[in-house]
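Asks: Have a look at this one.
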Amino acid sequence: MRQTIRQIISRHGRTSAARRFRIAYFATVTIGLVAVVLYTLSGLPDWAHTLTSRTTFVVAALYVVEWLTRIWVAPEGSATPAWRARLRYVLSPAGVSDFAAMLALPIGLNVDLTGDDKSLFCVVWSLKLVRYSEGLAMLGRVIVNQRASLISVLTVFAIVLLLSATLVYVLERHVQPDVFHSIPAAMWWAIVTLTTTGYGDVTPQTVGGRMIAGVVMVSGIAVFAIRAGILANGFSVELRRRDFLRTWDLCSRVPLFRDGGVELIATIVHLLRIDDARPGEVLMRRGQDGDCMYFIVSGRVRVEAGRADIELGPGDFFGEMALLSGDARSATVTVIDTAELLVLDIADFRDLAGKRPDLIRSISEVAQRRGHVTA
Ligand code: CMP
């Protein structure tokens, strides 16, 4: 039971229960935050006031349950003693943020810092959105990986900021002594200009000052363009790395590839793409043209091949007959249980036939046997 719950609430859970839990989790955080925000609206009707207040209490109670549950399941899958695994969770950033989320409402109710808005501290619930957000986790990894380049750009930014603020201070201090009276004061203008925000509350008036302003504006655009390029490239590298690792992991779980050794997996990993299919999804229909074949890593599919339905599961493949013969699909294939599939497109199938004829031969043998049954 504890293991099942751990799998459901784990970040990496791939079961449909885990997916449903994540959706419910995001919905709960969102509803809680909306209630906290709406509560601050003046002129809210009484019923809405009561509703937002009760919603906040219910969500806060759920977070107590969540924190205790996470402590309970922490030892699952950990080689360390139970108390140490639990302590590790409690002291981890996620554990601290869960603890803060749990205490936000009780603190708000007991500390007279927030006036009437007792639930104001509950904005820390927004931190919970980080836990299951793959995008934010990836952003963190991109920033860590690209830190050298990002620090260089920030250094250039700081140098341009300081130089331009100093120059404008020198040129403008006698013309506008109340605005450019110090370098820190000139820095406000420099930041607003360098980031191309341009409030226009402070502007240089001397010719020299305006020329510097022009240079700073162009530099600002250049710095942001470089930084955007670094981040975009970092994301692309990280996405490729993540897909590669997952595809490799899935390939090594398909006996047909595993038995061919590392060399085969290294060849095929670049040709396959992942498809996470939902129950009821129709992957191919009888009579359609065939443009790809599938390998099942987990889950099950039903093949409606005329006389009888056939179930295929982990390690099986399908969709190969049309690729081998050039005929239309011989059956309709529908997902029964959530399935992790590896897809091989027809062009890559042909490419593979040249590189690894042994693999295509094994696939053909199975296709021939199936042909006799389905014919
Ligand atoms: P294809 O004809 O490309 O598309 C439908 C797929 O269903 C087919 O390839 C096979 O992979 C699969 N299929 C057809 N008949 C059978 C069978 N008798 N047993 C298992 N799989 C089958």
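The values are calculated or read from the model by the stated rules, or taken from the named source; none is laboratory data. These numbers were taken from a predicted model, which means no experiment stands behind them. When we count neighbours, we look across all protein chains shown, and the Cβ atoms used for this are built from the backbone with ideal geometry, even at glycine. Surface areas here come from the heavy atoms of the whole protein model, side chains and all, with no ligands, DNA or RNA. Shrake-Rupley method; radii C 1.70, N 1.55, O 1.52, S 1.80 Å.
Asks: Go through segment 308-319 and give me each residue that's within 6 Å of the ligand (Cβ to nearest atom) and over 33 Å from the mean Cα position of the chain (by Cα).
Replies: Result: Ile310, single match.
Asks: What are the residue pairs meeting all of these: first residue in segment 129-145, first residue closer than 13 Å to Ile230 by Cβ, second residue open to solvent by 30 Å² or more (accessible area, probe 1.4 Å), Cβ atoms under 6 Å, and 6 or more apart or on different chains?
Replies: If the second residue must be open to solvent by 30 Å² or more (accessible area, probe 1.4 Å), the pairs left are Val142/Phe235.
Asks: What are the residue pairs meeting all of these: first residue in segment 308-329, first residue touching a residue at least 60 places away in the same chain (Cβ under 8 Å) and closer than 14 Å to Leu283 by Cα, second residue open to solvent by less than 70 Å² (accessible area, probe 1.4 Å) and more than 7 Å from the ligand (Cβ to nearest atom), Cβ atoms under 6 Å, and 6 or more apart or on different chains?
Replies: Final answer for the pair search is Phe317/Phe295.
Asks: Still on this structure, I have one more. Go through (1) within 16 Å of the ligand (Cβ to nearest atom); (2) on the phi > 0 side of the Ramachandran plot one by one and return the number of the condition Gly261 breaks.
Replies: (1)
Asks: Applying the selection to segment 322-356, what residues are within 10 Å of the ligand (Cβ to nearest atom), touching a strand residue (DSSP E or B) at 6+ places or on another chain (Cβ under 7 Å) and small (Gly, Ala, Ser)?
Replies: Scanning segment 322-356 gives a single hit, Ala331.
Asks: For the structure I just gave you, tell me whether Ala305 is more than 36 Å from the chain's Cα centre (by Cα), closer than 14 Å to Gly287 by Cβ and near the ligand (Cβ under 9 Å from one of its atoms).
Replies: yes
Asks: How about segment 285-305: which of its residues are in contact with a helix residue (DSSP H, G or I) (Cβ under 8 Å, 6 or more places away or on another chain) and surrounded by 13 or more Cβ atoms within 10 Å (Cβ to Cβ)?
Replies: Within segment 285-305, Gly290, Asp291, Cys292, Met293, Phe295, Val297, Ala305 meet the criteria.
Asks: I would also like to ask the following. Out of the residues in segment 56-86 meeting the condition of being hydroxyl-bearing (Ser, Thr, Tyr) and free of Cβ contacts under 8 Å to residues at least 40 places away in the same chain, tell me which one is surrounded by the fewest Cβ atoms within 10 Å (Cβ to Cβ).
Replies: My answer is Thr80.
Asks: Looking at segment 140-176, which of its residues are touching a Leu at 6+ places or on another chain (Cβ under 9 Å) and open to solvent by 70 Å² or more (accessible area, probe 1.4 Å)?
Replies: Ile143
Asks: Another question, then. Which members of segment 107-116 meet the condition of being loosely packed, with under 13 Cβ neighbours inside 10 Å and either in a helix (DSSP H, G or I) or at pLDDT 70 or above (or both)?
Replies: Of everything in segment 107-116, those that are loosely packed, with under 13 Cβ neighbours inside 10 Å and either in a helix (DSSP H, G or I) or at pLDDT 70 or above (or both) turn out to be Asn110, Val111.
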